[in-house]
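Visitor: First the structure, which I've put down as structure tokens, then a few questions once you've had a look.
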Amino acid sequence: MMMRVAVKRLLVASLLIALTPFAQPARAQESGTPYAPVVVVNESVITGYELEQRARMLEVFGAGGDVLALAEEQLISDRLQLQAAETLGLEIDDETVESAAEEFAGRRELTAEVLRNALQARGVAPETFNAFIRAGITWRSVVQSRFRRQATPTENDLDAALALADRGLQKSVLLQEIGMPFAENGEEETMDTAWRLSRELNRGGNFTGAVRRYSKTPSRARDGKLGWLPETALPPQVAAQILALQVGEVTAPIPITRGVSILKLLDVREEARESTSDGPLTVTYSELIIPLSQNAADGAVNAARNQAERIRSDTELCRDLDQRADEFGIGSGRSEPTPVGAVPQSISLLLSQMDPGDIEIQEDSRGVVLVMLCARSNETSPEEREALRQRLFNQRMNTLGQGYLQDLRGDAVIERRS
């Protein structure tokens, strides 16, 4: 009991550090009043006060970089999600919001009241925290309402996922990579460079030299070498390109989230793999997802990456991430043991290169994602089959929800006022 009280006091104290006033965002100051509109989303107003409050809260929760851009990104999504709920006639009562707030605070060994008081000491109004919680659970209800039936996997889906992971023959490829983000030189110039490089390298150009000059991905430190990867660890469209190459050839530019990749096939091998009573190889991993739209501003992306980097520096074990999952997007948290063939394509390549305990940060269609590999094993049980069912369901719900939110953004009228 004494230890629990001490932990609670420590957590509250950590929220009260640096009580110096939070600088009011320039856009709110320039508007002349904090309640003037700064963004209008389908005629729904976001005020300078809301923007400043969300930015304050994000900073208290550990976000770094351009928290104002990240706050704007989140508030626009919140408006679209709440509008979608209204269209469906969905309403979340105050009791449900309070229950979700208690669960959120409980992850930190706090009550909702204690957490609200700590936030208020940093200038974050209780209504700001409540709005954050309400938007999150409302969106979950929207996605469940629209896509539950479509996302539910059948028994055949489970059998196919398990069979893919337990095949008797496996082809592996040895690859070298050049990864170029669009942020540095813009999409058009980066794609032009990628196509030029692909042609030059297929005519015998120095791939390692090009890695050192152009690549910005973590593999650059290894001259772009990714090591041996099973074809099942690659997204199908990438595997199809790779396996169509001769050893020494280079792919055409492959679009990745906010960038482009060029891969060189160094070698290929085919290995027999016997199915065993132990079942297919499974992995357990943890993800924290900071949701961003496909066209998120660079400031919002950088703020999200800074937040992920700070979490990585404070994390040693997967259980360190478990208590933080509720702070982040749908799909965040620790997986059940999952057959490698059923791991989402967005992280399968990354996990194949990681050892248990490794943490990586990447950008994909969901936003900025911190990924930690918790364990690998060869054991599959009936309980894990059910866990696979839930995992596939969650993956599909996340994918469908993200796609729906992108559609809402594409159809929305968003006006920024400065």
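Here's the yes/no breakdown for (1) farther than 22 Å from THR47 by Cα; (2) charged (D, E, K, R); (3) in the same structural domain as ARG319 (by TED's automatic domain parsing):
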position	(1), (2), (3)
PHE104	yes, no, no
ARG108	yes, yes, no
ARG116	no, yes, no
VAL124	no, no, no
GLY136	no, no, no
ARG140	yes, yes, no
SER145	yes, no, no
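Visitor: Go through ALA36, ALA69, ALA55 for me and flag whichever is buried (at least 24 other Cβ atoms within 10 Å of the Cβ) and either under 18 Å from the mean Cα position of the chain (by Cα) or assigned by TED's automatic domain parsing to the domain that holds GLY123 (or both).
Guide: Step by step, each of ALA36, ALA69, ALA55 is checked, and only ALA55 is buried (at least 24 other Cβ atoms within 10 Å of the Cβ) and either under 18 Å from the mean Cα position of the chain (by Cα) or assigned by TED's automatic domain parsing to the domain that holds GLY123 (or both).
Visitor: I would also like to ask the following. State yes or no: is SER275 part of a helix (DSSP H, G or I) and either at pLDDT below 80 or hydroxyl-bearing (Ser, Thr, Tyr) (or both)?
Guide: no
Visitor: So which of LEU88, LEU75 ends up being of a type outside the set (D, E, K, R) and buried (at least 21 other Cβ atoms within 10 Å of the Cβ)?
Guide: LEU75
Visitor: Could you count how many residues in the stretch 247-260 are more than 18 Å from the chain's Cα centre (by Cα) and surrounded by 18 or more Cβ atoms within 10 Å (Cβ to Cβ)?
Guide: 5
Visitor: Now for a separate question. Name the helices (runs of 4 or more DSSP H) wholly inside the stretch 44-132 in which the number of residues that are more than 24 Å from ARG312 (Cβ to Cβ), modelled with pLDDT of 90 or more and acidic (Asp, Glu) is 3 or more.
Guide: 67-88, 94-106
Visitor: I would also like to ask the following. Does any residue of the stretch 207-227 turn out to be touching a Leu at 6+ places or on another chain (Cβ under 8 Å) and within 28 Å of ALA161 (Cα to Cα)?
Guide: Yes, some residue in the stretch 207-227 is touching a Leu at 6+ places or on another chain (Cβ under 8 Å) and within 28 Å of ALA161 (Cα to Cα).
Visitor: Restricting to the stretch 312-342, give me the number of residues that are surrounded by 22 or more Cβ atoms within 10 Å (Cβ to Cβ), of a type in the set (A, V, I, L, M) and touching a strand residue (DSSP E or B) at 6+ places or on another chain (Cβ under 8 Å).
Guide: 1
Visitor: Tell me, which residue of the stretch 188-231 that is in contact with an Asp or Glu (Cβ under 8 Å, 6 or more places away or on another chain) and part of a loop (DSSP other than H, G, I, E, B) is farthest from ILE359 (Cα to Cα)?
Guide: Looking at the filtered set, the residue picked out is SER215.
Visitor: Next question, about the same structure. Being free of Cβ contacts under 8 Å to residues at least 60 places away in the same chain and among the charged types (D, E, K, R) is the filter here; which residues of the stretch 37-58 pass it?
Guide: Result: GLU52, single match.
The values are calculated or read from the model by the stated rules, or taken from the named source; none is laboratory data. Not measured: the values here are computed from a predicted model. Every residue, glycine among them, receives a Cβ derived from its backbone with ideal geometry; neighbour counts consider all protein chains shown.
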